[in-house]
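The values are calculated or read from the model by the stated rules, or taken from the named source; none is laboratory data. On a predicted model such as this, the values are computed, not experimentally measured, just so you know. Glycine also receives a Cβ, built like all others from the backbone with ideal geometry; neighbour counts cover every protein chain displayed. All accessible areas refer to the heavy atoms of the entire protein, side chains included, with ligands and DNA or RNA removed. Shrake-Rupley method; radii C 1.70, N 1.55, O 1.52, S 1.80 Å.
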There are 2 protein chains.
Amino acid sequence: MTAQPAVAEKASHINGFDVQAAADTIAALKADKSLAKFQFRARNNWITGGVNRSTIRDFYGAGQEDTSRTAAFEFTNGEPPVLLGNNEGGNPVEFLLHALAGCVTTTFVLHAMARGITIRELSTELKGDMDLQGLLGLDESVSPGYEQINIKLHVEADCSDEELEDLLAYAEEHSPVCNTVCRPVPVVIERAKA
Amino acid sequence: MTAQPAVAEKASHINGFDVQAAADTIAALKADKSLAKFQFRARNNWITGGVNRSTIRDFYGAGQEDTSRTAAFEFTNGEPPVLLGNNEGGNPVEFLLHALAGCVTTTFVLHAMARGITIRELSTELKGDMDLQGLLGLDESVSPGYEQINIKLHVEADCSDEELEDLLAYAEEHSPVCNTVCRPVPVVIERAKA
């Protein structure tokens, strides 16, 4: 039998992330804060009624235009019959829930990695309430958007309950989509002149 | 030759929407405001690293559980290599732009229909700026979310510039996703106890 190493080797990956690559990224951003500036983009074309389609490919970040995507992603918004559509796709307020779920999840498992916490399983259920009198302009005292969004998070990990609660609070505060929803973020719409 | 009707017949569809169905919906909501209460939902499962997948199918609205969808929609979040992924899907902050683009577009063409304005063409380009020091917790004075989102909207329609400007301002104010981004909306995360 060979002797066990005195110190356990560090895992090369935690929660699916390359630990060394993550450390290198953090070090680079600390050395040059301008590398942390990102611009994300989408282009959308209306098709008919409540149907429209976005293409997403390029973005700016880490000091340059990203060229890693060989093809654009395409996502189709639609509406169910009760909202005058034919279920051509998820609708925009549902895609917002998808974005929020994904962002809280990724922020959670990323910071878990930074703390050396291994996540075994993570799932979320989201519910968002909305009064369509707002969208339709039937009552100007009703906000058109979500009144509140509730997330139930189920997680199994190799740490204590207290560590999980602390990690969850941290993820909630640092998730970009969660922060964009919780905080008033300006949206500026400009009409292109023909 | 037969005589022309004294009054032009009303179009059955404007901008792809069934005008009568829309009028019936509005009348029903006015008669019973509880029908305007909707709850949208998503379920998400973490896969690995920055990869996770949402399923979206059921929702509550118009006084009942919707059963119109015979299958769930599935959407995959991923990340580009510079964000430690392999472009497994759009990332959450890009899906947020898709949701916003679609919601402003649908709100615009819906209220155009209500005003009898025919839209010939509508497209948008979105750009959102973000400083990743926020997500990574490197500078707690930096907000993790979007600093601002800009939308350039190109539209061709059978109305005056003034009518388009008024319609655009109305759509901006009444779009549920735009309102959710512009306004602080509470997100409540609860951990399911095992």
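When region A:56-102 is limited to residues that are polar (S, T, N, Q) and at the interface with another protein chain (Cβ under 8 Å from one of its Cβ atoms), the one that is farthest from B:VAL177 (Cα to Cα) turns out to be A:SER68. Taking the numbered list (1) in contact (Cβ under 8 Å) with a residue 24 or more places away in the chain; (2) buried (at least 24 other Cβ atoms within 10 Å of the Cβ) in turn, A:PHE75 passes all entries but (1). Filtering region A:20-65 to residues that are closer than 25 Å to B:THR107 by Cα, touching a Phe, Trp or Tyr at 6+ places or on another chain (Cβ under 8 Å) and of a type in the set (Ser, Thr, Tyr) leaves A:SER54, A:THR55. From the list A:GLY145, A:GLY137, the one residue that fits, being at the interface with another protein chain (Cβ under 7 Å from one of its Cβ atoms) and open to solvent by 10 Å² or more (accessible area, probe 1.4 Å), is A:GLY137. Of B:ALA114, B:ALA22, B:ALA36, all but one fail to be open to solvent by less than 30 Å² (accessible area, probe 1.4 Å), on the phi < 0 side of the Ramachandran plot, in contact (Cβ under 8 Å) with a residue 40 or more places away in the chain and small (Gly, Ala, Ser); the exception is B:ALA22. Anything in region B:53-65 that is surrounded by fewer than 18 Cβ atoms within 10 Å (Cβ to Cβ) and under 19 Å from the mean Cα position of the chain (by Cα)? List them, or say none. The answer is B:THR55, B:ASP58, B:TYR60. Among the residues of region B:80-111, the one identified as among the acidic types (Asp, Glu) and open to solvent by 20 Å² or more (accessible area, probe 1.4 Å) is B:GLU88. Annotation: B:GLY85 fulfils all but one of (1) part of a loop (DSSP other than H, G, I, E, B); (2) within 21 Å of the chain's Cα centre (by Cα); the unmet one is (2).
The condition (being at pLDDT below 95 and of a type in the set (D, E, K, R)) is satisfied by just one residue among A:LYS193, A:LYS152: A:LYS193. Inclusion of A:THR107 among residues that are in contact with a helix residue (DSSP H, G or I) (Cβ under 7 Å, 6 or more places away or on another chain) and at negative phi is warranted.
Please return the ranges of helices (runs of 4 or more DSSP H) entirely within region B:93-185 where 3 or more residues are under 18 Å from A:THR48 (Cα atoms) and not acidic (Asp, Glu).
Per the criteria, B:161-174.
Screening A:PHE38, A:PHE59 for residues that are over 30 Å from B:PHE17 (Cα atoms) and in contact with an Asp or Glu (Cβ under 6 Å, 6 or more places away or on another chain) leaves exactly one candidate, A:PHE59. Contact annotation: residue pairs with Cβ atoms under 7 Å, 6 or more positions apart or on different chains, pairing a residue in region B:138-167 that is over 24 Å from B:GLY102 (Cβ atoms) with a partner that is surrounded by 19 or more Cβ atoms within 10 Å (Cβ to Cβ), are B:LEU138/A:LEU29; B:ASP139/B:GLN133; B:VAL142/B:ASP131; B:VAL142/B:GLN133; B:VAL142/B:GLY134; B:SER143/A:ASN179; B:SER143/B:GLY134. Return a yes/no flag: does region A:148-157 have any residue that is open to solvent by 40 Å² or more (accessible area, probe 1.4 Å), in contact with a Leu (Cβ under 8 Å, 6 or more places away or on another chain), of a type in the set (S, T, N, Q) and more than 23 Å from B:TYR170 (Cα to Cα). Checked against the condition, which is being open to solvent by 40 Å² or more (accessible area, probe 1.4 Å), in contact with a Leu (Cβ under 8 Å, 6 or more places away or on another chain), of a type in the set (S, T, N, Q) and more than 23 Å from B:TYR170 (Cα to Cα), region A:148-157 yields at least one hit.
Condition check ((1) surrounded by fewer than 22 Cβ atoms within 10 Å (Cβ to Cβ); (2) hydrophobic (A, V, I, L, M, F, W, C)) across all residues:
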{"site": "A:THR118", "(1), (2)": "yes, no"}
{"site": "A:ASP131", "(1), (2)": "no, no"}
{"site": "A:PRO176", "(1), (2)": "no, no"}
{"site": "A:ILE189", "(1), (2)": "yes, yes"}
